[in-house]
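Before any comments, here is the structure.
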Amino acid sequence: MNILITAGPTREALDPVRYLTNRSSGKMGYALASAGVHFGHRVTLISGPTNLDVPINVDYVQVETAQEMFEATRVYIQKAEAAIFAAAVADYRPALFAEEKIKKTGETLTLELVRTTDILGSARSTFGFEGVLVGFAAETENLEANARGKLERKGCDLVVANDVSQSGIGFDSDHNEVLLVYPDRVEPLPLDTKDHLAHFILEFIKDLHIRKG
Ligand code: CTP
(Lines give C-alpha, C1' and ligand atoms only; values in the text may rest on other atoms or scores of the structure.)
Protein backbone atom coordinates (compact mmCIF):
# COMPACT_ATOMS: atom_id res chain seq x y z
CA MET A 1 0.00 0.00 0.00
CA ASN A 2 0.98 3.59 -0.53
CA ILE A 3 0.39 5.36 2.79
CA LEU A 4 0.43 9.06 3.60
CA ILE A 5 0.97 10.05 7.24
CA THR A 6 0.85 13.53 8.78
CA ALA A 7 2.66 13.95 12.09
CA GLY A 8 3.89 16.36 14.70
CA PRO A 9 2.75 19.85 15.60
CA THR A 10 2.59 22.84 13.30
CA ARG A 11 4.18 26.20 14.02
CA GLU A 12 2.35 29.41 13.28
CA ALA A 13 4.61 32.45 13.31
CA LEU A 14 3.66 35.71 15.05
CA ASP A 15 6.80 37.63 14.19
CA PRO A 16 10.38 36.70 13.19
CA VAL A 17 11.16 35.24 16.64
CA ARG A 18 7.85 33.89 18.02
CA TYR A 19 5.33 31.26 17.07
CA LEU A 20 2.27 29.38 18.35
CA THR A 21 2.51 25.62 18.64
CA ASN A 22 1.37 22.70 20.83
CA ARG A 23 2.75 19.78 22.85
CA SER A 24 2.68 17.15 20.12
CA SER A 25 5.98 15.22 19.96
CA GLY A 26 5.21 13.46 16.68
CA LYS A 27 5.94 10.05 18.26
CA MET A 28 2.68 8.38 17.21
CA GLY A 29 2.96 9.49 13.60
CA TYR A 30 6.63 8.49 13.38
CA ALA A 31 5.84 5.10 14.97
CA LEU A 32 3.15 4.59 12.31
CA ALA A 33 5.63 5.52 9.58
CA SER A 34 8.23 3.03 10.89
CA ALA A 35 5.60 0.31 11.21
CA GLY A 36 4.43 1.03 7.66
CA VAL A 37 7.94 0.53 6.29
CA HIS A 38 8.31 -2.61 8.44
CA PHE A 39 5.19 -4.07 6.79
CA GLY A 40 6.58 -3.28 3.33
CA HIS A 41 4.38 -0.28 2.53
CA ARG A 42 5.54 2.84 0.70
CA VAL A 43 5.24 5.64 3.27
CA THR A 44 5.17 9.40 2.78
CA LEU A 45 5.60 11.20 6.11
CA ILE A 46 4.56 14.86 6.13
CA SER A 47 5.85 16.24 9.37
CA GLY A 48 5.85 19.45 11.34
CA PRO A 49 8.92 20.26 13.48
CA THR A 50 9.91 17.46 15.89
CA ASN A 51 13.08 16.26 17.64
CA LEU A 52 12.73 12.74 16.25
CA ASP A 53 14.98 10.91 13.81
CA VAL A 54 13.37 10.44 10.42
CA PRO A 55 12.49 6.73 10.05
CA ILE A 56 14.54 4.99 7.40
CA ASN A 57 13.05 4.40 3.96
CA VAL A 58 10.18 6.86 4.30
CA ASP A 59 9.62 9.67 1.81
CA TYR A 60 9.96 12.60 4.18
CA VAL A 61 8.32 15.97 3.61
CA GLN A 62 9.17 18.60 6.18
CA VAL A 63 6.69 21.41 6.77
CA GLU A 64 6.21 24.11 9.37
CA THR A 65 2.76 25.66 9.15
CA ALA A 66 -0.75 24.23 8.82
CA GLN A 67 -0.95 25.82 5.37
CA GLU A 68 2.27 24.10 4.26
CA MET A 69 0.97 20.77 5.61
CA PHE A 70 -2.28 21.34 3.68
CA GLU A 71 -0.39 22.02 0.42
CA ALA A 72 1.91 19.00 0.84
CA THR A 73 -1.03 16.74 1.67
CA ARG A 74 -2.94 17.96 -1.39
CA VAL A 75 -0.02 16.80 -3.57
CA TYR A 76 0.93 13.49 -1.94
CA ILE A 77 -2.58 12.19 -1.15
CA GLN A 78 -3.19 11.75 -4.88
CA LYS A 79 -1.11 8.57 -4.99
CA ALA A 80 -2.08 7.26 -1.52
CA GLU A 81 -4.35 4.30 -0.81
CA ALA A 82 -4.49 5.06 2.91
CA ALA A 83 -4.05 8.39 4.68
CA ILE A 84 -3.44 8.70 8.42
CA PHE A 85 -3.75 12.14 9.97
CA ALA A 86 -1.78 11.93 13.21
CA ALA A 87 -0.60 15.56 13.16
CA ALA A 88 -1.71 18.01 15.82
CA VAL A 89 -2.47 20.78 13.36
CA ALA A 90 -3.02 24.27 14.77
CA ASP A 91 -6.72 25.09 14.51
CA TYR A 92 -5.91 28.83 14.50
CA ARG A 93 -3.01 30.96 13.31
CA PRO A 94 -2.21 34.63 13.90
CA ALA A 95 -4.28 36.84 11.59
CA LEU A 96 -1.20 38.96 10.90
CA PHE A 97 2.49 38.18 10.71
CA ALA A 98 4.52 41.11 12.06
CA GLU A 99 7.55 41.64 9.82
CA GLU A 100 9.46 43.17 12.74
CA LYS A 101 9.69 41.76 16.26
CA ILE A 102 6.63 42.80 18.30
CA LYS A 103 7.76 45.22 21.03
CA LYS A 104 6.18 45.24 24.46
CA THR A 105 3.94 48.26 24.98
CA GLY A 106 0.77 47.98 27.09
CA GLU A 107 0.08 45.71 30.09
CA THR A 108 -1.94 43.36 27.93
CA LEU A 109 -1.64 42.24 24.34
CA THR A 110 -4.53 40.83 22.36
CA LEU A 111 -3.79 38.53 19.46
CA GLU A 112 -6.27 37.98 16.67
CA LEU A 113 -6.32 34.41 15.39
CA VAL A 114 -7.98 33.03 12.29
CA ARG A 115 -8.96 29.44 11.49
CA THR A 116 -6.60 27.25 9.56
CA THR A 117 -7.92 24.90 6.89
CA ASP A 118 -8.99 21.49 8.19
CA ILE A 119 -6.68 19.16 6.25
CA LEU A 120 -8.38 15.91 7.29
CA GLY A 121 -11.75 17.54 6.64
CA SER A 122 -10.57 18.42 3.12
CA ALA A 123 -9.52 14.87 2.20
CA ARG A 124 -12.86 13.68 0.84
CA SER A 125 -14.42 16.97 -0.25
CA THR A 126 -11.52 18.99 -1.66
CA PHE A 127 -8.88 16.39 -2.50
CA GLY A 128 -11.39 13.77 -3.72
CA PHE A 129 -9.62 11.04 -1.71
CA GLU A 130 -11.40 7.67 -1.85
CA GLY A 131 -8.92 5.49 0.05
CA VAL A 132 -8.84 4.47 3.70
CA LEU A 133 -9.07 7.66 5.78
CA VAL A 134 -7.92 7.63 9.40
CA GLY A 135 -8.13 10.57 11.79
CA PHE A 136 -6.99 11.10 15.35
CA ALA A 137 -8.98 12.71 18.15
CA ALA A 138 -7.40 14.05 21.32
CA GLU A 139 -10.17 14.71 23.80
CA THR A 140 -10.50 15.68 27.44
CA GLU A 141 -14.16 14.63 27.78
CA ASN A 142 -16.84 12.55 26.02
CA LEU A 143 -14.18 10.58 24.17
CA GLU A 144 -16.38 8.29 22.11
CA ALA A 145 -19.07 10.83 21.22
CA ASN A 146 -16.56 13.50 20.21
CA ALA A 147 -14.51 11.03 18.18
CA ARG A 148 -17.65 9.75 16.43
CA GLY A 149 -18.59 13.35 15.56
CA LYS A 150 -15.19 13.79 13.89
CA LEU A 151 -15.48 10.45 12.09
CA GLU A 152 -18.81 11.49 10.58
CA ARG A 153 -17.98 15.14 9.84
CA LYS A 154 -14.69 14.33 8.15
CA GLY A 155 -15.76 11.16 6.31
CA CYS A 156 -13.26 8.87 8.08
CA ASP A 157 -13.19 5.07 8.06
CA LEU A 158 -11.58 5.07 11.50
CA VAL A 159 -10.81 7.60 14.24
CA VAL A 160 -8.12 6.76 16.78
CA ALA A 161 -9.23 8.52 19.94
CA ASN A 162 -7.31 9.16 23.12
CA ASP A 163 -8.09 10.88 26.39
CA VAL A 164 -5.45 13.57 26.86
CA SER A 165 -6.65 14.39 30.38
CA GLN A 166 -4.98 11.18 31.63
CA SER A 167 -1.39 11.81 32.66
CA GLY A 168 1.42 9.57 31.43
CA ILE A 169 -0.16 8.73 28.08
CA GLY A 170 -0.69 10.56 24.84
CA PHE A 171 1.15 13.84 24.30
CA ASP A 172 4.92 13.44 24.42
CA SER A 173 4.67 10.00 26.04
CA ASP A 174 6.00 6.73 24.61
CA HIS A 175 2.71 5.10 25.61
CA ASN A 176 -0.90 5.55 24.71
CA GLU A 177 -4.30 4.03 25.37
CA VAL A 178 -6.67 4.48 22.48
CA LEU A 179 -10.23 3.79 21.48
CA LEU A 180 -10.76 2.81 17.85
CA VAL A 181 -13.99 4.35 16.63
CA TYR A 182 -15.44 2.88 13.42
CA PRO A 183 -18.75 3.87 11.75
CA ASP A 184 -20.45 0.75 13.17
CA ARG A 185 -18.49 -0.16 16.32
CA VAL A 186 -15.82 0.78 18.82
CA GLU A 187 -12.82 -1.19 19.98
CA PRO A 188 -10.70 -0.21 22.98
CA LEU A 189 -7.00 -1.12 22.84
CA PRO A 190 -5.18 -1.61 26.14
CA LEU A 191 -2.38 0.71 27.27
CA ASP A 192 0.68 -0.05 25.18
CA THR A 193 3.75 1.50 23.61
CA LYS A 194 3.17 3.72 20.62
CA ASP A 195 5.32 1.33 18.58
CA HIS A 196 3.05 -1.64 19.38
CA LEU A 197 -0.10 0.41 18.86
CA ALA A 198 1.24 1.54 15.48
CA HIS A 199 1.60 -2.10 14.39
CA PHE A 200 -1.97 -2.93 15.47
CA ILE A 201 -3.40 0.19 13.82
CA LEU A 202 -1.66 -0.66 10.54
CA GLU A 203 -3.10 -4.19 10.64
CA PHE A 204 -6.59 -2.70 11.05
CA ILE A 205 -5.94 -0.28 8.18
CA LYS A 206 -4.87 -3.17 5.95
CA ASP A 207 -8.19 -4.91 6.76
CA LEU A 208 -10.12 -1.73 5.90
CA HIS A 209 -8.19 -1.49 2.62
CA ILE A 210 -9.00 -5.10 1.71
CA ARG A 211 -12.69 -4.56 2.55
CA LYS A 212 -12.84 -1.41 0.39
CA GLY A 213 -11.58 -3.60 -2.49
N1 CTP B 1 -6.73 18.00 11.55
C2 CTP B 1 -6.27 18.41 10.31
N3 CTP B 1 -6.22 19.74 10.03
C4 CTP B 1 -6.59 20.67 10.93
C5 CTP B 1 -7.05 20.27 12.20
C6 CTP B 1 -7.10 18.91 12.46
O7 CTP B 1 -5.91 17.56 9.49
N8 CTP B 1 -6.51 21.96 10.61
C9 CTP B 1 -6.82 16.57 11.83
C10 CTP B 1 -5.83 16.04 12.85
O11 CTP B 1 -4.64 15.58 12.23
C12 CTP B 1 -6.61 14.89 13.49
C13 CTP B 1 -8.01 15.41 13.50
O14 CTP B 1 -8.09 16.34 12.42
O15 CTP B 1 -6.57 13.72 12.71
C16 CTP B 1 -8.27 16.08 14.82
O17 CTP B 1 -9.34 16.88 14.68
P18 CTP B 1 -9.63 18.12 15.65
O19 CTP B 1 -8.82 19.29 15.30
O20 CTP B 1 -9.59 17.64 17.05
O21 CTP B 1 -11.08 18.20 15.18
P22 CTP B 1 -12.17 19.25 15.28
O23 CTP B 1 -13.33 18.63 14.60
O24 CTP B 1 -11.64 20.57 14.80
O25 CTP B 1 -12.46 19.23 16.80
P26 CTP B 1 -12.32 20.22 18.00
O27 CTP B 1 -13.64 20.85 18.00
O28 CTP B 1 -12.05 19.25 19.13
O29 CTP B 1 -11.16 21.12 17.70
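The values are calculated or read from the model by the stated rules, or taken from the named source; none is laboratory data. Note that this is a predicted model, so its numbers are computed, not measured. Counting neighbours? That spans all protein chains shown, and the Cβs are built from the backbone with ideal geometry, glycine included. The area values use the complete protein model at the heavy-atom level, side chains included, leaving out ligands, DNA and RNA. Shrake-Rupley method; radii C 1.70, N 1.55, O 1.52, S 1.80 Å.
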The chain, accessible surface, carbon-and-sulfur percent (1.4 angstrom probe): 48 percent
Rel. contact order, % - alpha carbon contacts under 8 angstrom, at least six apart, the range 98-179: 23 percent
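Among 201-211, 117-127, what's the highest-first ranking by average C-beta atoms within 10 angstrom per residue?
Final packing ranking: 117-127, 201-211.
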Relative contact order computed over the range 47-91 (Cα-Cα under 8 Å; 6+ residues apart), in percent: 37 percent
Probe 1.4 Å, protein heavy atoms only - accessible area per residue of the chain in square angstrom: 53 Å²
Lysine pairs meeting the criterion (Cα under 26 Å, 8 or more apart or interchain), as found in the chain: 16
The chain - mean residue ellipticity at 222 nm from DSSP helices (-39,500 (n - 2.57) per run, n ≥ 4, rounded to 500): -9000 deg cm²/dmol
Karplus 3J(HN,Hα) series, Hz, for the range 183-190 with 6.51 cos²θ - 1.76 cosθ + 1.60 (x for Gly, Pro): x, 10, 6, 10, 9, x, 10, x
Cα-centre dipole for the range 1-64 with unit charges at Cβ (Lys and Arg positive, Asp and Glu negative), debye to 20: 160 debye
Note, ³J(HN,Hα) from phi for the range 41-48, Karplus 6.51, -1.76, 1.60, rounded to Hz, x at Gly and Pro: 8, 8, 10, 10, 10, 9, 10, x
The chain, dipole about Cα centre (Lys/Arg Cβ +1, Asp/Glu Cβ -1), debye to the nearest 20: 400 debye
For Phe136, distant residues with modelled amide H under 5 Å away: Phe85, Val160
For the range 87-97, 3J(HN,Hα) per residue [Karplus equation, 6.51 cos²θ - 1.76 cosθ + 1.60, θ = phi - 60°, Hz, x = Gly/Pro]: 5, 9, 6, 4, 7, 9, 10, x, 5, 10, 9
Label-to-label distance, nm, for residues given as Ser173 and His38 (7 Å Cα→Cβ offset): 2.0 nm
Length-normalised contact order for the range 25-180 - Cα pairs under 8 Å, 6+ apart - percent: 18 percent
Sequence ranges 82-90, 142-150, 64-72, ranked by mean other-Cβ count within 10 angstrom, highest first: 82-90, 64-72, 142-150
